[in-house]
Amino acid sequence: MRELPVILGIKRKEVVSMLRIGMLTSGGDCQALNAAMRGVVKTLFEKEQKVEIYGFEEGYRGLIYGNYRLLTSQDFSGILTKGGTILGTSRQPFKLMRVPDEDGLNKVEAMKQTYYKLNLNCLVVLGGNGTHKTANLLSEEGLNVVTLPKTIDNDIWGTDMTFGFQSAVDIATDAIDCIHTTAASHGRVFIVEVMGHKVGWLTLHAGMAGGADIILLPEIPYDIDVVTKAIERRDNAGKRFTILAVAEGAISKEDAKLSKKEYKEKIRKSKYPSVSYEIADKILAKTGKEVRITVPGHTQRGGTPCPYDRVLSTRLGAAAAGMILEKNYGKMAGIVNGKIKPIPLSEVAGRLKMIDPDSPVIQEAKAVGISFGD
């Protein structure tokens, strides 16, 4: 309670209200999740006298089943450079959110009850595309929600950049850099398989930064004959090796003509662990060249966030805190042309930011001799 001056002979007392914030990280982990949460919390503690932060464990699972803990400013101290998430995370598919769990629990109602039980002013959600679908659902259900764009894929609609992306680019690029020396020594064809099922931002940036000769993306279906001709051109030019940066979601022109159901069935029956192994087999059959495959895998999600991501996530976190204080709910803190802007969740949910095959960056990559197999 704070004493107010005596007015008209009456001493009044003002109740200083408590700001109660829930916070969760959902979906795949990545670098700078902790840095982003830190940005939110430090800003709130700087601007508000009384703040309570409730951290939900393992993403939406914690919100559904009421698994949370009250956090203090100390929990957010020293985590700027720490990868992963101090709250833990899990994948809760959006398509199952309205499907009762094995005990018949209504997940959406359970999340709402947890929110109201804690008397939260706002729920802060950090996540990717599926996470934003559920965040928008909760916003439509009447909860105050603010989100931050997290994913190594950089595919969230409404923001030029997501935190975690640049850190993953650095790791994938380092993998390609390391392959260069062994590829040159042995005169072989190497494939580096980069994460990215539906979009190829990570593969595109790492491939260009790492000097890959061929880059295969989900957005640009490849022709294996074009790929092998690019390898042969390098041979004819006296270059002893070729490096391919292949997105895990890369698709051939033949497969791109299949229906979604037909393609899933083909993948299910395939003898190959991933598309890179199928491409390697076809290159061997057409050229007789040995192909080696490197899969950096989840190393791309791990480790310390790079300086760029630390700055970006701190900025986004501070902006999200500002949106909370302004009661500007139902929005994602995104970055557009270098400026942080609130983007309506209704615009973000269910949309992917994909690479335009005719975009300047693709044309510029082709101009320096990179083949996209098309």
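The values are calculated or read from the model by the stated rules, or taken from the named source; none is laboratory data. The model shown is predicted, which means the values in this text are computed figures rather than measured ones. When we count neighbours, we look across all protein chains shown, and the Cβ atoms used for this are built from the backbone with ideal geometry, even at glycine. Surface accessibility is based on the protein's heavy atoms, side chains included, excluding ligands, DNA and RNA. Shrake-Rupley method; radii C 1.70, N 1.55, O 1.52, S 1.80 Å.
For (1) in a helix (DSSP H, G or I); (2) of a type outside the set (A, V, I, L, M, F, W, C); (3) open to solvent by 50 Å² or more (accessible area, probe 1.4 Å), each residue gets a yes or a no:
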position	(1), (2), (3)
Thr81	no, yes, yes
Asp101	no, yes, no
Ser139	yes, yes, no
Ala175	yes, no, no
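What about Ala135, is it hydrophobic (A, V, I, L, M, F, W, C), modelled with pLDDT under 95 and either in contact with an Asp or Glu (Cβ under 9 Å, 6 or more places away or on another chain) or in a helix (DSSP H, G or I) (or both)? Spelling it out, it is not the case that Ala135 is hydrophobic (A, V, I, L, M, F, W, C), modelled with pLDDT under 95 and either in contact with an Asp or Glu (Cβ under 9 Å, 6 or more places away or on another chain) or in a helix (DSSP H, G or I) (or both).
Being touching a Gly at 6+ places or on another chain (Cβ under 7 Å), part of a strand (DSSP E or B) and exposed (fewer than 15 other Cβ atoms within 10 Å of the Cβ) is a condition met by no residue of segment 286-307.
Rundown of residues vs (1) at pLDDT 95 or above; (2) among the hydrophobic types (A, V, I, L, M, F, W, C); (3) open to solvent by 20 Å² or more (accessible area, probe 1.4 Å); (4) on the phi > 0 side of the Ramachandran plot, yes/no style:
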position	(1), (2), (3), (4)
Ser167	yes, no, no, no
Arg188	no, no, yes, no
Glu193	yes, no, no, no
Gly207	yes, no, no, no
Ile214	yes, yes, no, no
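With respect to (1) within 30 Å of Leu312 (Cα to Cα); (2) modelled with pLDDT of 95 or more; (3) in contact with a strand residue (DSSP E or B) (Cβ under 8 Å, 6 or more places away or on another chain); (4) not hydroxyl-bearing (Ser, Thr, Tyr), the lone exception for Ile243 is condition (1). Going by the structure shown, is Gly317 surrounded by fewer than 21 Cβ atoms within 10 Å (Cβ to Cβ) and within 17 Å of Thr151 (Cα to Cα)? Answer is no for this residue.
For Lys264, the test of being surrounded by fewer than 16 Cβ atoms within 10 Å (Cβ to Cβ) and at pLDDT below 90 is passed. Kindly check whether there is at least one residue in segment 145-162 that is among the hydroxyl-bearing types (Ser, Thr, Tyr), out of contact with any Lys or Arg (no Cβ under 6 Å at 6 or more places or on another chain) and in a helix (DSSP H, G or I). No, segment 145-162 has no match at all.
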